[in-house]
């Protein structure tokens, strides 16, 4: 009897639960959007202060940008760990590359969110 109860408890925590999976996806997409917001704010600050040479390169990383980067990578790890990647994608790799400045990887991450039914910023 205890084995059955343990199995039921364990199965209720799996990513097989559509509501839980949707929550993790929503969290990832919200964190991705927050990272995009922080990056844009950092880039805009550089342009507003004349620190930019006309390029969109951000200033050295702000605390907010670093925190947003950490949170979106943690959310991507959760999706990867729970097997919530789509179409053979690699959401964790794409996220790491995106926060490192890879526009193609960022586009794939945004596409993941679009497919999951959530919006982020679009560059």
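Each row is one residue, and each column tells you yes or no for (1) surrounded by 14 or more Cβ atoms within 10 Å (Cβ to Cβ); (2) farther than 17 Å from residue 42 by Cα; (3) at pLDDT 95 or above.
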{"residue": "74", "(1), (2), (3)": "no, yes, yes"}
{"residue": "87", "(1), (2), (3)": "no, yes, no"}
{"residue": "97", "(1), (2), (3)": "yes, yes, yes"}
{"residue": "104", "(1), (2), (3)": "no, yes, yes"}
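So, in region 74-108, of the ones that are part of a helix (DSSP H, G or I) and closer than 17 Å to residue 22 by Cβ, which residue ends up farthest from the chain's Cα centre (by Cα)?
Taking region 74-108 and keeping what is part of a helix (DSSP H, G or I), we get 74-81, 91-99, 103-108.
Next, from what is left, pick out any that are closer than 17 Å to residue 22 by Cβ: 75-76, 78-81, 91.
Working: 75: 6, 76: 5, 78: 10, 79: 9, 80: 11, 81: 14, 91: 8 Å.
The selected residue is 81.
The values are calculated or read from the model by the stated rules, or taken from the named source; none is laboratory data. It should be emphasised that the depicted structure is a prediction, and the values quoted were computed from it without experimental measurement. Note that each Cβ is placed from the backbone with ideal geometry, even for glycine, and that neighbours are counted across all protein chains shown.
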